[in-house]
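Undergrad: Structure incoming, see below.
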Amino acid sequence: MEEPLQRTSKDITQIYQRHVHTVYKVSFMLLKNVVDAEEVTQTVFLKLMQSDVAFRDHEHEKAWLIVTARNHSRNVLKHWWRRMRTSLEETDQKQLTEQLKHDDTLGDVLALPAKYRLPIYLFYYEGYRTKEIAELLAVNEATVRTQLHTGRKLLKLRIGGDSDD
């Protein structure tokens, strides 16, 4: 029987530095709340420290972190406490937009309905292909393409461009 994988502090630090922004952005795309996204990011890296998953490469590592962030974000969204509290989404959206000033369309992406937000983010901001997004989100590839198509149309309408392709 193999011994559980032991990551050193240096390994964890390197993984954290490589992927913290991606994990945070994925969480924020789903939660639209800075505090919750930060908490999910922290939890994801705690799970990484407790995990004995051996990654094949950096892409496998990144995919594992994204799926873990997505799953934990969904759990946060389902939690009874979140449904009862007052949301500060507008303030949080402004804070993230200020943090990422280099991208003028981020505010428009954040304003998309949830089912289009994450596929658009993963495709355009993280560079994933539709097949990879389908695997990460556990949906059909055709669904991802439809979500991207509809998301693009909605973005064009928000930005003021022509919605025809």
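Undergrad: Looking at segment 52-67, which of its residues are touching a helix residue (DSSP H, G or I) at 6+ places or on another chain (Cβ under 8 Å) and in contact (Cβ under 8 Å) with a residue 40 or more places away in the chain?
TA: VAL53, HIS58, GLU61, LYS62, ALA63, LEU65, ILE66, VAL67
Undergrad: Follow-up question, since we're still on this one. Pairs under 7 Å by beta carbon, first residue over 11 Å from ALA69 (Cα atoms) in segment 18-39, partner not in a helix (DSSP H, G or I), six or more apart or different chains?
TA: Between residues of segment 18-39 that are over 11 Å from ALA69 (Cα atoms) and residues that are not in a helix (DSSP H, G or I), the close pairs are ASN33/SER87; ASN33/LEU88.
Undergrad: Report yes if ASP11 is assigned to a helix (DSSP H, G or I) and free of Cβ contacts under 8 Å to residues at least 60 places away in the same chain, otherwise no.
TA: yes
All of the numbers you see were taken from the coordinates with simple rules; none came from a lab. Every value quoted in this text rests on a predicted model; they were computed, and no experiment measured them. Cβ atoms come from the backbone with ideal geometry, glycine included; neighbour counts cover every protein chain shown.
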